[in-house]
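J.: Following this message is one structure expressed as structure tokens.
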Amino acid sequence: NAGVTQTPKFQVLKTGQSMTLQCAQDMNHEYMSWYRQDPGMGLRLIHYSVGAGITDQGEVPNGYNVSRSTTEDFPLRLLSAAPSQTSVYFCASSEGVYYGYTFGSGTRLTVV
Amino acid sequence: DQQVKQNSPSLSVQEGRISILNCDYTNSMFDYFLWYKKYPAEGPTFLISISSIKDKNEDGRFTVFLNKSAKHLSLHIVPSQPGDSAVYFCAASTSIQGAQKLVFGQGTRLTINP
């Protein structure tokens, strides 16, 4: 049982490049979310999904796109990378808030 | 506008003693509160949650207390162990039309000294 798998673990991008951070879960969870963690700011919600085909914006959605074509996958797309998007990105899934969210191990992204 | 605040960036506790981590929130619409533990280079791990209709939830060495009138929650770890050294995040959830959105505090780094 792999839980939540994020790839890649590390990535360096040049300003203006685009890329997709992958996230997959094998627990059949309906709820999935993307967060970014920056020093002194905790984790901030980028986008979330309550099921296949349903997504919505979180606190800091600008510069990111998501889609949810299957229950298992929830990729995060950076449209045109900026240095302000240098961060650690976490994907999470849940069967319900009482049970908490299961987080992936993160993707450390550096934009130069 | 920081809706969930952890005002102590760090806390140091002797092994075997009680660790108390605090969290304040401003939004009275939050319906669940959660605590997460995070080690370096790993994702956060869920520890314990509490519904807004309760004032206490206990799970082994971990107890979460909720004071709704003060908009304050705390996590007690008794007894503290070296493996508890980590960053602890509190989080609060709002459920709107089936969507659950978590808002996190900034985190408190807990160090357990032998």
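The values are calculated or read from the model by the stated rules, or taken from the named source; none is laboratory data. Remember, it's a predicted structure, so these values are computed and weren't measured experimentally. As a convention, Cβ positions derive from the backbone with ideal geometry for all residues, glycine included, and neighbour counts pool all protein chains shown.
J.: When you go through (1) buried (at least 16 other Cβ atoms within 10 Å of the Cβ); (2) more than 11 Å from every other protein chain (Cβ to nearest Cβ) one by one for A:Cys91, which number turns out not to apply?
T.: Just one mismatch for A:Cys91, condition (2).
J.: Now for a separate question. Where in chain B are there strands (runs of 3 or more DSSP E), lying wholly inside it, with at least 2 residues that are within 14 Å of chain A (Cβ to nearest Cβ), buried (at least 17 other Cβ atoms within 10 Å of the Cβ) and of a type in the set (Lys, Arg)? Before the answer, list the steps.
T.: Values: elements: B:10-14, B:19-25, B:32-38, B:45-51, B:56-59, B:62-67, B:72-77, B:86-96, B:99-104, B:108-113.
It comes to B:32-38.
J.: Of the residues in the range B:9-65, how many are at pLDDT below 95 and on the phi > 0 side of the Ramachandran plot?
T.: Number of matching residues: 1.
J.: Separate question: Being under 30 Å from B:Asn7 (Cα atoms), within 9 Å of another protein chain (Cβ to nearest Cβ) and crowded, with 19+ Cβ neighbours inside 10 Å is the filter here, so list the residues in the range A:6-41 that pass it.
T.: Once the filter is applied, which keeps residues that are under 30 Å from B:Asn7 (Cα atoms), within 9 Å of another protein chain (Cβ to nearest Cβ) and crowded, with 19+ Cβ neighbours inside 10 Å, the range A:6-41 yields A:Tyr31, A:Ser33, A:Tyr35, A:Gln37.
J.: In contact with a Ser or Thr (Cβ under 9 Å, 6 or more places away or on another chain) and loosely packed, with under 15 Cβ neighbours inside 10 Å: does that describe A:Ser80? Can you show your working first?
T.: Numbers: in contact with a Ser or Thr (Cβ under 9 Å, 6 or more places away or on another chain): yes; loosely packed, with under 15 Cβ neighbours inside 10 Å: yes.
Here the answer is yes, as A:Ser80 does meet what is asked.
J.: How do the strands (runs of 3 or more DSSP E) wholly within the range A:36-112 filter down when requiring 1 or more residues that are under 15 Å from the mean Cα position of the chain (by Cα), farther than 17 Å from B:Trp35 by Cα and in contact (Cβ under 8 Å) with a residue 60 or more places away in the chain: which remain? Break it down stepwise before answering.
T.: On the way: elements: A:43-51, A:54-57, A:64-66, A:76-78, A:87-94, A:107-111.
Correct list: A:76-78, A:87-94, A:107-111.
J.: Run down A:Arg68, A:Arg44 and say which single residue is within 12 Å of chain B (Cβ to nearest Cβ) and out of contact with any Pro (no Cβ under 8 Å at 6 or more places or on another chain).
T.: Working: A:Arg68 fails: within 12 Å of chain B (Cβ to nearest Cβ).
It is A:Arg44.
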